[in-house]
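**Q** Take a look at this one; I'll ask things after.
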Amino acid sequence: MQKFTIAIHGGAGTIVKDQMTSDQERQYKNVLEKALDASYDTLKKGGTAIDAVEIAVQRLEDSTLFNAGKGSVFTEEGTHEMDASIMDGKTLKAGAISLISGIKNPVRLARDVMEKSQHVFLAGKGAMDFAEELNYKLESPDYFFDEFRYRQWQGIKDSDQVQLDHRSDEDSKYGTVGAVACDQAGNVAAATSTGGMTNKKLGRIGDSPIIGAGNYANNKTCAISCTGIGEFFMRSVAAYDVSCLMEFKGLSLKEAAEEVIHQRILKMGGKGGLIGVDSKGNFIMPFNTEGMYRAARTSKDKSNPKGMKMIKIYKE
């Protein structure tokens, strides 16, 4: 049995220790740990990487602390539009959904697109019709209402301004969520989910549901989930770029990920980070911002006889 690994993120941005109370820090770490442990237990019992990333992302979607699922931000119209994607590195099958509302766990619907349709990407009415065919329960708007999110929106409502959750002048550091995993068979998978930008125009789509931009998995190379300013990750096809550098240039996972985040994205003016894992269970978590909510856990191997577990927020 080879080393198995799960890594998760809850967004990158201006996350500074002196701007967060000890209670807030404890809340974030608690949610991250619960998501991490649930997905790790799945891998430990012989579960697949695709199962592990779905479980991890669902746990993060169920928390109001992160901008995905229940914690999704408000659009210009005062609604919630969510995006998600998932990819299996063994088969190269993928599923993605965008511009959906009322779905408790968007990542679950993305997986159903992958496994129960002939398509990769469904959006808007088509995605909602697909969910109806599968008898998804639609949550009321009250389920997604959060007072803090509402106040965020009210602060810029009726303007052309959109707000990322990691603006330095706001006491709000939430964002896209994601997970990558390598299972006991050496298969990798990735999943990403988001509620977008506060006050965004209806119809705006970021990198999270776009295969190759915000999410990608291939057993030959790696599994990647990105977070940050989506437009830059789309323009650079960031997730696939890491895989490309590994496959065609021979870079290691660490070298490829750092090239993308600290060189290519940064030179374009982009901010953010990513998490990645390869088929040997190695993982990386580079980011070019002040912090990134992140956690990882691995099984034991020669370098870590007892395995490894970490939960971090700030830059070190």
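**Q** Return yes when ASP37 is in a helix (DSSP H, G or I), farther than 20 Å from ALA110 by Cα, acidic (Asp, Glu) and out of contact with any strand residue (DSSP E or B) (no Cβ under 9 Å at 6 or more places or on another chain) and no when it is not.
**A** no
**Q** Then there's this: Looking only at residues in region 130-150 that are among the hydroxyl-bearing types (Ser, Thr, Tyr) and within 18 Å of GLY71 (Cα to Cα), which one is modelled with the lowest pLDDT?
**A** The selected residue is TYR150.
**Q** A further question on this structure: Which of the numbered conditions does GLY270 fail, given that it passes all the others? Conditions: (1) more than 14 Å from the chain's Cα centre (by Cα); (2) modelled with pLDDT of 95 or more.
**A** Going through (1) more than 14 Å from the chain's Cα centre (by Cα); (2) modelled with pLDDT of 95 or more one by one, GLY270 breaks only (2).
**Q** Looking at region 284-316 only, could you name the residues that are touching a residue at least 12 places away in the same chain (Cβ under 8 Å) and basic (Lys, Arg)? Write out each step before concluding.
**A** Initial filter on region 284-316 (touching a residue at least 12 places away in the same chain (Cβ under 8 Å)): 284-301, 308-315.
Within region 284-316, ARG294, ARG297, LYS300, LYS309, LYS312, LYS315 qualify.
**Q** Here's something else I'd like to know. Sort out for me the strands (runs of 3 or more DSSP E) sitting completely within region 151-257 that have 2 or more residues that are polar (S, T, N, Q) and modelled with pLDDT under 95.
**A** Correct list: empty, since no element meets the threshold.
**Q** Where residues in region 261-280 are in a strand (DSSP E or B) and either free of Cβ contacts under 8 Å to residues at least 60 places away in the same chain or of a type outside the set (Asp, Glu) (or both), which of them is farthest from ILE229 (Cα to Cα)?
**A** Here the residue is VAL277.
**Q** Between residues in region 101-119 that are at positive phi and residues that are of a type in the set (S, T, N, Q) and assigned to a loop (DSSP other than H, G, I, E, B), which pairs lie under 9 Å by C-beta distance while being six or more apart or on different chains?
**A** Taking only residues 6 or more apart or on different chains, the pairs are GLY102/SER140.
**Q** Let me ask something else. I need every pair where a residue in region 32-53 that is over 21 Å from CYS222 (Cβ atoms) and of a type in the set (Gly, Ala, Ser) has its Cβ under 6 Å from the Cβ of a residue that is in a helix (DSSP H, G or I) and at pLDDT 95 or above, sequence separation at least 6 or different chains.
**A** ALA38/ILE55; ALA38/ARG59
**Q** Any idea which of GLY102, GLY95 is of a type in the set (Gly, Ala, Ser), more than 17 Å from TYR293 (Cα to Cα) and surrounded by fewer than 21 Cβ atoms within 10 Å (Cβ to Cβ)?
**A** GLY102
**Q** Further question: Take the conditions at pLDDT below 95, crowded, with 23+ Cβ neighbours inside 10 Å and of a type outside the set (A, V, I, L, M) and apply them to GLY69. Does it pass?
**A** Details: at pLDDT below 95: yes; crowded, with 23+ Cβ neighbours inside 10 Å: yes; of a type outside the set (A, V, I, L, M): yes.
Answer is yes for this residue.
**Q** Touching a strand residue (DSSP E or B) at 6+ places or on another chain (Cβ under 8 Å), of a type in the set (Val, Ile, Thr) and either surrounded by fewer than 20 Cβ atoms within 10 Å (Cβ to Cβ) or touching a residue at least 40 places away in the same chain (Cβ under 8 Å) (or both) - does that describe any residue in region 226-244?
**A** There is at least one residue in region 226-244 that is touching a strand residue (DSSP E or B) at 6+ places or on another chain (Cβ under 8 Å), of a type in the set (Val, Ile, Thr) and either surrounded by fewer than 20 Cβ atoms within 10 Å (Cβ to Cβ) or touching a residue at least 40 places away in the same chain (Cβ under 8 Å) (or both).
**Q** State whether the residues of region 87-104 include one that is under 16 Å from GLY214 (Cβ atoms) and part of a loop (DSSP other than H, G, I, E, B).
**A** Within region 87-104 (the criterion being under 16 Å from GLY214 (Cβ atoms) and part of a loop (DSSP other than H, G, I, E, B)), the answer is yes, since at least one residue qualifies.
**Q** Related question: For region 281-316, name all the residues that are part of a strand (DSSP E or B), touching a Leu at 6+ places or on another chain (Cβ under 9 Å) and over 16 Å from VAL31 (Cβ atoms).
**A** Scanning region 281-316 gives PHE283, ILE284, PHE287.
**Q** Right, next: Output the residues belonging to region 19-60 that are in contact with a Ser or Thr (Cβ under 6 Å, 6 or more places away or on another chain) and of a type outside the set (A, V, I, L, M, F, W, C).
**A** Within region 19-60, ASP51 is the sole residue that qualifies.
**Q** So ARG108 clears everything in (1) part of a helix (DSSP H, G or I); (2) more than 19 Å from the chain's Cα centre (by Cα) except one condition, right? Which one?
**A** (2)
**Q** Can you pull out every residue in region 95-129 that is of a type in the set (A, V, I, L, M, F, W, C) and farther than 16 Å from ALA68 by Cα? Lay out the reasoning, then the answer.
**A** Kept after step one, since they are of a type in the set (A, V, I, L, M, F, W, C), are these residues of region 95-129: 96-97, 99-100, 103, 107, 109-110, 113-114, 120-123, 127-128.
If the condition is that a residue be of a type in the set (A, V, I, L, M, F, W, C) and farther than 16 Å from ALA68 by Cα, then VAL113, MET114, VAL120, PHE121, LEU122, ALA123, ALA127, MET128 are the ones that fit.
**Q** A further question on this structure: List pairs: first residue in region 1-17 and aromatic (Phe, Trp, Tyr), second residue surrounded by fewer than 19 Cβ atoms within 10 Å (Cβ to Cβ) and not in a strand (DSSP E or B) anywhere in the structure, Cβ distance under 9 angstrom, at least six positions apart or on different chains.
**A** PHE4/LYS44; PHE4/GLN184; PHE4/ALA185; PHE4/GLY186
The values are calculated or read from the model by the stated rules, or taken from the named source; none is laboratory data. Model, not experiment: these values are computed from the prediction. Reconstructed Cβ throughout: ideal geometry from the backbone, glycine too, with neighbour counts over all protein chains shown.
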